[in-house]
Amino acid sequence: MRLRPYVNETDFEILKNWISDERSHVLWCANRFNYPLESANVETELAFLAENNGETPFAAVSDEGTMVGFFSYSPSSEMNTGYLKFVIVAPEERGKGTAGEMLDLAVQYAFETAKADSVQLSVFTENPRARRCYEKTGFQEIKTDKDAFAYQDELWGRCRMRIDKSSRS
């Protein structure tokens, strides 16, 4: 597997098929993008995040050249940390270690290329499978905010997680 820049013109048609229902969509992006996904909206939002946060979207590509994952990386020079957002893998890749491999590459990018001291992400408490994947990669809970996000008639907790460069040495 390798990482490369996400290119909306060619990658969106693959990405849009990974979101099968509204609840999964919200678990993935907290409504940052429209549902169902629209190419122009994704492109506009990613451009906004790039301009305002220095955020870079990445595609994870299998050895055979197939896009199997997506995430966005945002640096924070104030805290010398990076933030992973919108982490997702193709449905057929779930449970095969693909997400863990992609996360390892994302963390490696943050520490070696971006020179971050830590990487953080957030996951909803209603997404225990994702949280277990993050923990397996080495992320640890910093704080969980109860009832931080409203979805329909539910209130979801938001768990903030971090991995430090010193823990990967």
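None of the figures in this text is laboratory data; all of them are computed from the coordinates on show. Because the structure is a prediction, the values reported are computed rather than measured. Every residue, glycine as well, gets a Cβ built from its backbone with ideal geometry; the counts of neighbours run over all protein chains shown.
Quick notes on this structure:
- Approximate spin-label separation residue 129-residue 92, in nm, with each point projected 7 Å along Cα-to-Cβ: 1.7
- Local electrostatic count, residue 80, Cβ distance below 13 Å [Lys/Arg +1, Asp/Glu -1]: 0
- Sequence-separation-based contact order of segment 2-119, relative, with Cα cut under 8 Å and 6+ spacing, percent: 24
- Each residue, residue 14 and residue 41, gets one label point 7 Å from its Cα in the Cβ direction; the gap between the two is 2.3 nm.
- The order of 162, 132, going from fewest to most other C-beta atoms within 10 Å of their C-beta, is 132, 162.
- FRET efficiency, 1/(1 + (r/R0)^6) with R0 35 Å, evaluated for residue 23 and residue 2 via beta carbons: 0.65
- Ellipticity estimate at 222 nm from DSSP helix runs (n ≥ 4, -39,500 (n - 2.57)) divided over the chain, nearest 500: -9000 deg cm²/dmol
- Too-long pairs where the Cα-Cα distance tops 19 Å, listed order kept, from 96/136; 96/143; 96/146; 16/96; 96/165: 96/143; 96/146; 16/96; 96/165
- Gyration tensor verdict on segment 78-169 (Cα atoms; rounded if a/c is under 1.5, prolate if a/b is larger than b/c, oblate otherwise): oblate
- Calculated on the Cα set of segment 1-105, radius of gyration then Dmax: 13.3, 38 Å.
- The chain: antiparallel DSSP beta bridges as a percent of all, rounded to 5: 90
- Across segment 114-160, counting alpha-carbon atoms alone, Rg and Dmax equal 12.1, 41 Å.
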